[in-house]
Each structure stands twice: as structure tokens, then as C-alpha cells.
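Following: one structure in C-alpha cells, then a few remarks.
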Amino acid sequence: MSSVIINQLILRLLNFATAIRTFLLVFVSLCLSSLCPVKGDDMSYIPAGSYLMGVDTHLPDERPAHSVFISALYCDQHEISLSFWKEVASWARANGYAFDSRVRTAKKGPSYSPAPMEHPMNMVTWYDVVKWCNARTEKEGRTPAYYKDTELTQVYRKGDLDLSNDHVNSFSSGYRLPTEAEWEKASRGGLIGT
């Protein structure tokens, strides 16, 4: 009996670790509110609608399958490259943002790559990602999504703050991370099923 519980615990921990890894890798699929016009071809429109999220047959944290409604949004089609991250981060530092100096240097693509700086950004914290989203937003003259206060008056630019949903302006024209449900719908590309 105890080995079954230990196995279930291990599976949950592995699933959690995978989810965290996926979240950090996926952060680059930044979302914009559907209230904001898209410029260029680098974003995809994800229409509003319901879809079946989760499954009834896999791990307990994926159960039960349930219907979820997602408002329309835009998502970047590609991961954020090292060079684009660096461009926005340089602007951010010059405009009052601070990123975590303890984070390891991002790993560039392989030396044989024709464009190693165009590989996806990596080795960042959640805190730096949301600050980077705000910086990209302000650099383009949009309204930021993440704030230090629940009144949404102090833009989150420094430190490691554990933000709640009350710290996020979901109706802003700015860039933000997708919710789990938004990411799942966008990543399916309109397909139905698990």
C-alpha cells in the first residue's frame, strides 16, 4: 500500500517539475489582450470559445476533463530569441527595470548554428519574465499588465514579488504570460482531444 502512495507522489512531483519546466520554456508565448491591435505577422489570433481541458484517464491533477471558456487573445507565434530578450532587457535597464543578477547566463545556440542568438531565451526566473513582459509593453507605449499593488498604480519593475491575480491588469494592452487554460487552447492549434 505504501509503495502505491510513494509511486503516486513521485508521479505528481515529476508532473509538477515538468509543468514548471514547460511553463518557463513556454513563457515566450506571451499573450496580448484581444482589445489590442496586432502589428505584423508575428502573432496569432486565438478566438474566444470553450474547449475541453484536462482528461479523465491520466494523473489525478489532470482530472476531471471539464469545459473552459477562453476570451480571445493574441499569442506570439515563436519563442522569444536571445537577441530580442537582450534588446528589450537593455531598454528596460535604461528605464528603471532591474533583473535578477543571480540568474545564470542564457545558453546560446550551438556554435555551428548560423544564428546562435536567435535561439530561444532560457535560464530566467518567472519574476524576470513578467518584468520583461512589462518592459516590452512600455517600450511599445502600451499599458503594462503586472503591478506591485492591487490598485494597479505601481508598475512591477524591480524585485521578486509573488503576485496574485489581483496584481494583473487582464484588460491592459500589454504583454503577459498566458494562463494555463489559454496556453493549452493556443498550443492545440484548434485541435480537439488530448
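The values are calculated or read from the model by the stated rules, or taken from the named source; none is laboratory data. This is a predicted model, so every value here is computed, not measured. Cβ coordinates were reconstructed from backbone atoms using ideal geometry, including for glycine residues, and neighbour counts include every protein chain displayed. Note: accessible area is taken over every heavy atom of the protein model, side chains too, but ligands, DNA and RNA are not part of it. Shrake-Rupley method; radii C 1.70, N 1.55, O 1.52, S 1.80 Å.
Couple of notes before you dig in:
- From phi via Karplus (6.51, -1.76, 1.60), per-residue ³J(HN,Hα) for the stretch 85-96 in Hz, x at Gly/Pro: 4, 4, 4, 5, 4, 5, 4, 4, 4, 6, 10, x
- Whole-percent carbon and sulfur share, accessible surface of the stretch 111-160, 1.4 Å: 51 percent
- DSSP-loop chymotrypsin sites (Phe, Trp or Tyr not before Pro) across the stretch 64-134, with at most 15 other Cβ within 10 angstrom: Y112
- Taking the Cα centre of the stretch 54-130 as reference, the dipole from Cβ charges on Lys and Arg (+1) and Asp and Glu (-1) amounts to some 420 debye.
- Loop-located GluC sites (Glu not before Pro) across the stretch 124-156 with a Cβ neighbour count of 14 or fewer within 10 Å are E140, E151, with loop assigned by DSSP.
- Three principal axis extents of the stretch 40-194 based on alpha-carbon atoms, in descending order, are 48, 47, 34 Å.
- Near the amide H of M43, within less than 5 Å, lie the amide hydrogens of Q77, all on another chain or at least 5 residues away, with H placed in the peptide plane.
- Positive-end residue, the stretch 43-113 charge dipole about Cα centroid, Cβ charges, pick of I46, A65, A106: A106
- R0 of 35 Å, Cβ-Cβ distance D100-H78: FRET efficiency to nearest 0.05: 0.90
- Trypsin sites (Lys or Arg not before Pro) lying in DSSP loop within the stretch 122-183, provided at most 15 other Cβ fall within 10 Å: K158
- K107/L52 FRET efficiency (R0 30 Å; Cβ-Cβ; nearest 0.05): 0.25
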